[in-house]
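What follows is a set of notes on a single structure, which appears directly below.
Bear in mind that the values in this text are calculations on the coordinates, not laboratory data. Owing to the predicted nature of the structure, the values given are computational and were not obtained by experimental measurement. Using ideal geometry, Cβ is built from the backbone for each residue, glycine included, and neighbour counts are taken over all protein chains shown.
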Amino acid sequence: MTPEELDIAFKSAVDSINNHTDPFPADVLLKLYAYYKHATNDQSSPGSSNPLINAFKTNALFQTQGLTAEEAKKLYIEAVNHYFLYRK
């Protein structure tokens, strides 16, 4: 997959998550959060006012530490495809 194709597939996966209206399991959300942050090189801190949520987000980021943006995009896409394939 070329970098352009990866970007298109990543944007499509992000859009499918953003357009989905049913609630997501917390573990899926945390995984997607961490992959997205790495994929987009977003260096901002977790922004929840709830310290417990921030701790979970920080832990998710720690677990994905060392990923490249390309790896994170691929893992995000895989996680989205897996979620939509097996949620039925």
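Some notes on this structure:
- Convex hull (Cα only) mean projected area of the range 3-86, reported in nm² to one decimal: 5.7 nm²
- Net charge in the neighbourhood of Ala34 (other residues with Cβ under 14 Å of its Cβ; Lys, Arg +1, Asp, Glu -1) is +1.
- Aspartates and glutamates whose Cα lies under 17 Å from that of Lys74, excluding same-chain neighbours fewer than 8 positions away: Glu4, Glu5, Asp7, Asp15, Asp42
- Put the Cα centre of the range 48-87 next to the Cα centre of the range 8-37 and the gap is 9 Å.
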